[in-house]
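The values are calculated or read from the model by the stated rules, or taken from the named source; none is laboratory data. Small disclaimer: the values here were computed from a predicted structure and weren't measured. No Cβ is skipped: glycine too gets one built from the backbone with ideal geometry, and neighbour counts run over all protein chains shown.
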């Protein structure tokens with residue numbers, strides 16, 4: 001049995017035992033989930049879920065988010081920790097998605 005066959009067996013077992021694993025981060029689309037995951041580094045899911053409604057009211061897509069300033073995003077996300085780095089990463093990620101992938105995740 002090769003690696004691919006073993007992996008397929010393991011995948012089937014996992015799929016059977018965990019058919020629908022809920023995502024604890026609140027999101028409305030792939031982009032908002034991606035940003036929530038970025039924010040979750042060194043932060044609890046509960047805290048992320050408290051912050052994201054305000055952030056996504058500001059911008060919930062790469063085009064709108066890429067137009068924001070790091071300072072504006074930082075003011076919203078600072079309770080998550082690592083705010084300066086995360087605010088810059090959110091803007092850079094949004095620009096990449098917008099410019100290279102037409103805003104699609």
message: Consider the range 1-42. How many of its residues are in contact with a helix residue (DSSP H, G or I) (Cβ under 9 Å, 6 or more places away or on another chain) and part of a helix (DSSP H, G or I)?
response: 8
query: Which ones in the range 58-81 are modelled with pLDDT of 95 or more, under 15 Å from residue 38 (Cα atoms) and assigned to a loop (DSSP other than H, G, I, E, B)?
result: 60, 61
statement: The number of residues in the range 30-48 that are closer than 17 Å to residue 66 by Cα and exposed (fewer than 15 other Cβ atoms within 10 Å of the Cβ) is 1
- prompt: Going through the range 82-103 one residue at a time, which ones are surrounded by 14 or more Cβ atoms within 10 Å (Cβ to Cβ) and either within 14 Å of the chain's Cα centre (by Cα) or outside any helix (DSSP H, G or I) (or both)?
  reply: 82, 86, 87, 89, 90, 91, 93, 94, 97, 103
field: Scan of the range 43-57 for residues that are part of a helix (DSSP H, G or I), touching a helix residue (DSSP H, G or I) at 6+ places or on another chain (Cβ under 9 Å) and over 20 Å from residue 104 (Cα atoms), ordered by number
entry: 45, 47, 48, 49, 50, 51, 54
